[in-house]
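Each remark here refers to the structure printed beneath this line.
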Amino acid sequence: MTGRLKMTAQLVVLACVAGLLALLIWSVVHQQHAPHVGAQAPAFTLRNLDGAGKVSLASYRGKPVVLNFWASWCEPCKAEATVLERDWTSYRSRGVVFLGVDYHDLATDARRFVRAHALTFTMLQDGSGNVTGSYGISQVPETYVLNRQGRVIAHLAGPITDPSFAGEFRSALAKAVA
């Protein structure tokens, strides 16, 4: 290999490494993170899972909101579905709104899940993944509890049936309705 060819190859490799490094830095800087406790919850408008119109988070301002991200293929989601429905039935008379956001799922599978678990609270479909992205969702289930002003008062990155989250969820619900 001649000196000129070797130098050109080294420059090409160096340019590729620099490009990859720039791409890595860009992705870290632009990565969406979960809103922290005390932050305003990211606004969204999503289509109802049943296809009947759209729902905007802003329309629930003035009411506490439980925002649960789930998927039909998620085993812990199946376990917590009964608890969410029970709590929805218990807290709706106090003005608490429960919203389920389907995560990376086929709509038919999601609707089958809702029927199988007899879920009656509002279910939304995030087909594009934009909302799950704005909430930093990396796993399911994840649950946010929002106060009447739309601020995050709890973020539970795991099933609310897990003993480490159950007490925190109950405490957040009590705080939300206070």
Practice task
Please enumerate the residues belonging to the stretch 30-54 that are touching a Ser or Thr at 6+ places or on another chain (Cβ under 6 Å) and outside any loop (DSSP other than H, G, I, E, B).
Solution key: THR45, LYS54
Practice task
Select, from GLU80, GLU75, the only residue that is at pLDDT 95 or above and touching a Pro at 6+ places or on another chain (Cβ under 6 Å).
Solution key: GLU80
Problem - In the stretch 113-131, residue nearest to GLU85 (Cα to Cα) [restricted to those that are in a loop (DSSP other than H, G, I, E, B) and at pLDDT below 95] - result: ASP126
Handout entry: Residue satisfying all of: in the stretch 88-107; among the aliphatic types (A, V, I, L, M) and in a loop (DSSP other than H, G, I, E, B); surrounded by the most Cβ atoms within 10 Å (Cβ to Cβ) among these
Key = VAL96
Handout entry: Residues (surrounded by fewer than 15 Cβ atoms within 10 Å (Cβ to Cβ), in contact (Cβ under 8 Å) with a residue 12 or more places away in the chain and of a type outside the set (A, V, I, L, M, F, W, C)) located in the stretch 52-87
Key = SER56, ARG61, GLY62, THR82
Completion exercise
Per the filter on the stretch 149-161, residues of a type outside the set (A, V, I, L, M) and either buried (at least 16 other Cβ atoms within 10 Å of the Cβ) or not assigned by TED's automatic domain parsing to the domain that holds LEU84 (or both) are GLY150, HIS155, PRO159, THR161
Fill in the blank from the handout: Per the filter on the stretch 123-143, residues closer than 19 Å to ALA79 by Cβ, of a type outside the set (Asp, Glu) and touching a residue at least 40 places away in the same chain (Cβ under 8 Å) are MET123, ILE137, VAL140, PRO141, THR143
Problem - Hey, ALA110 buried (at least 18 other Cβ atoms within 10 Å of the Cβ), assigned to a helix (DSSP H, G or I), touching a residue at least 24 places away in the same chain (Cβ under 8 Å) and assigned by TED's automatic domain parsing to the domain that holds GLY158 or not - result: yes
Problem - Selection count, the stretch 113-129, where residues are exposed (fewer than 13 other Cβ atoms within 10 Å of the Cβ) and of a type in the set (S, T, N, Q) - result: 2
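The values are calculated or read from the model by the stated rules, or taken from the named source; none is laboratory data. Owing to the predicted nature of the structure, the values given are computational and were not obtained by experimental measurement. In this analysis, Cβ positions are derived from the backbone assuming ideal geometry, glycine residues included, and neighbour counts consider all displayed protein chains.
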